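The values are calculated or read from the model by the stated rules, or taken from the named source; none is laboratory data. Computed from a prediction, not measured in an experiment: that's the story for all the values here. Here the Cβ positions follow ideal geometry from the backbone for every residue, glycine too, while neighbour counts run over all protein chains shown.
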Amino acid sequence: MNMLKKSRKRQQVTPKKTARTPVREYINLPWKRVAFYLLMLLPVIGVIATYQWIQNPENLTIKTVEVTGDLKVLDKKVLQPVIEPYAKTNLYLLDSDALEKDIEANPWVHSASMTKVWPDKLVIKIFEQKPVAYWGKHAMLADNGEIIEAVLENGKADLPTLFSPNEKGRNMATGFLKIRKWMEGFPLKIVQFKEDTRGSWQVKLENGMTLKIGRNQQEKRLRRFMVGYKERLINVIDKISVVDLRYTNGFSVKWKKGLSADSVFKGIGDRHG
């Protein structure tokens, strides 16, 4: 009996203790890679946040609008009512194309350009139309040949008047500028430049004298007149009514009422004698 009890005691097995695996071995993440991706996401998150913020027109509102340009006719104050509604936002939301279009609707503006100076300044450069003559009574001709649908207030400039039945704005501007060049040094200003339906040119000068130039060889005819003026007409120019340049080898002169070539040149000869 005792021996049996002892053997049974020996057969009792003490349970083994199982070692626990540390928690950190189960969560085996590549922390360096995770940190790298987080760093990569931060700029993206920043951009998204900035984009959402700038979408609000009350954030970073335009504080300064500077209008520049060589303006001789246009008053900057005239543009303020046009610009103000657009300036009630920020540079990002500003509709530059629409603002340029509205500014260029002014007849004295040839073109406008926008420069955004971050964070809150807008610079608008105006390229003004430069009138060289009156186009009829209600418009003006610019040096680029465009018609300006406006006139100078109170006749600010002493400019000639141009007429053309064919509305040849650019051609008339080019022709007028050529005439000024060909007649450089002539003491009388051009007050009127006309073109008829056949394209024939006619110029009126400030003393009332008319030059009939015609439609062909305009440069040759005017240069011939300039030679004749310097050689023969320089002292009698104020006595001439009309000069017709439409001749092959010269030009004709019509004197003012009551005068003739004999009386005009005799008077000059008497003075010199």
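Structure notes:
- Residue 91 among the hydrophobic types (A, V, I, L, M, F, W, C) and surrounded by fewer than 18 Cβ atoms within 10 Å (Cβ to Cβ): no
- Among the residues of region 35-52, not a single one is among the hydrophobic types (A, V, I, L, M, F, W, C), within 22 Å of residue 116 (Cβ to Cβ) and at pLDDT 90 or above.
- Residues of region 87-130 that are within 18 Å of residue 74 (Cβ to Cβ) and not in a strand (DSSP E or B): 99, 100, 101, 102, 103, 104, 105, 106, 107, 108, 129, 130.
- Any chance residue 154 is on the phi > 0 side of the Ramachandran plot, at pLDDT below 90 and outside any loop (DSSP other than H, G, I, E, B): yes
- Condition check for residue 163: in the same structural domain as residue 136 (by TED's automatic domain parsing), out of contact with any helix residue (DSSP H, G or I) (no Cβ under 7 Å at 6 or more places or on another chain) and modelled with pLDDT of 95 or more: no
- Condition met for residue 202 (under 23 Å from residue 254 (Cα atoms), outside any helix (DSSP H, G or I), in contact with a strand residue (DSSP E or B) (Cβ under 9 Å, 6 or more places away or on another chain) and free of Cβ contacts under 8 Å to residues at least 24 places away in the same chain): yes
- Residue match in region 187-210 (condition: assigned by TED's automatic domain parsing to the domain that holds residue 146, at pLDDT 90 or above and over 26 Å from residue 137 (Cβ atoms)): yes
- Odd one out for residue 133, checked against (1) touching a helix residue (DSSP H, G or I) at 6+ places or on another chain (Cβ under 9 Å); (2) at pLDDT below 95; (3) not basic (Lys, Arg); (4) not in a strand (DSSP E or B): (4)
- Per this entry, residue 175 is not counted among residues that are surrounded by 15 or more Cβ atoms within 10 Å (Cβ to Cβ), touching a helix residue (DSSP H, G or I) at 6+ places or on another chain (Cβ under 8 Å), assigned by TED's automatic domain parsing to the domain that holds residue 230 and assigned to a loop (DSSP other than H, G, I, E, B).
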